[in-house]
Amino acid sequence: MIELQSKHDGFRITALRVEPTSEPIGGVVVLQEIFGLTDHIADICARFAAAGYTAIAPSLYDRTERGFLGGHDPDGMKKSIAAAKAAAWPEVAGDIQAAVDALPQPAYVTGFCYGGAASWVAASQCSGLKAASCFYGRLIADLLGANAPRIPVMLHYGARDAAIPAENYERVRLAAPDSPLYLYDAGHGFCREGSSDFHAPSRDLAMTRTLDWFARWR
């Protein structure tokens, strides 16, 4: 674990940093689901490190609770949703910028669920990024217009995701016609092992596409 100083207000947040075993080929900011820096996010960071990238996952809810972790039970969901609502997007963008600045170049950003939307925010507001890959970000549809990405963005959604209806991601597709948008035969959170919707083939395909996408924009 490391500390970062937010570029928004100077607030110090914690972050997970994972290094590759050899000289890094670049860096990736990995953005959390609503549950905080869980084992799932650590696993994703490890996957990027295995591919040669330094990965940093900032703890985006530290202003609410340092080292925040929310469970997947009803109380944990309620706590996590409240923390997400309390994290204003300008604060989140500043925290992500601190992570970008701590990475070797070229740098990229990816995120899952809440982090998928935060990746879209980073693509529109942060500097020093080459490309983004957003996973099942339901809130992206609410960020269109004023938050147009300044870098290439790839998008991933589950075709059987009960939380994100087709009209949601079709709005994103129409607003960002140059952004590849992939649908997988899976539900929400298909990248998270232990989830009822976990689908290893979809996760592996989406991660391969993400790595190829990042390599394209070096």
I want to check the label-to-label distance for Glu193 and Met77. Put each point 7 Å from Cα in the C-beta direction and report it in nm to one decimal. 2.5
Could you give the dipole magnitude of the range 48-142 about its Cα centre, charging the beta-carbon of Lys and Arg +1 and that of Asp and Glu -1, in debye to the nearest 20? 100
Residues of the range 102-122 with amide N under 18 Å of a point placed 7 Å along Cα→Cβ from Arg216: 106-111, 120
In nm, to one decimal, how far is the modelled label at Lys85 from the one at Asp142, with both set 7 Å along Cα→Cβ? 1.0
Please state the charge dipole magnitude for the chain, taken about the Cα centre, from unit charges on C-beta atoms (+1 on K and R, -1 on D and E), reported in debye and rounded to the nearest 20. 380
Label-point separation (nm) for Arg173 and Arg150, each offset 7 Å from Cα along Cα-to-Cβ? 2.9
Would you list, by chain and number, the aspartates and glutamates whose Cα falls below 16 Å from the Cα of Lys130, excluding same-chain residues fewer than 8 positions away? Asp101, Asp178, Asp212
Helix-only CD estimate at 222 nm, as mean residue ellipticity for the chain, using -39500 (n - 2.57) per DSSP H run (n ≥ 4): -11000 deg cm²/dmol
I need the per residue convex hull volume for the range 65-182, using only the alpha carbons, in cubic angstrom as a whole number. 112
Give me the Kirkwood hydrodynamic radius of the chain in Å, from all C-alpha pairs, to one decimal place? 16.9
In debye, nearest 20: dipole of the range 171-218 around its Cα centre with unit charges on the Cβ of K, R (+) and D, E (-)? 220
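Read-outs: derived from the displayed coordinates by stated rules, not from any lab. Here the structure is a predicted model, which means the values were calculated and not measured. Cβ: placed from backbone, ideal geometry, glycine included. Neighbour counts: every protein chain shown.
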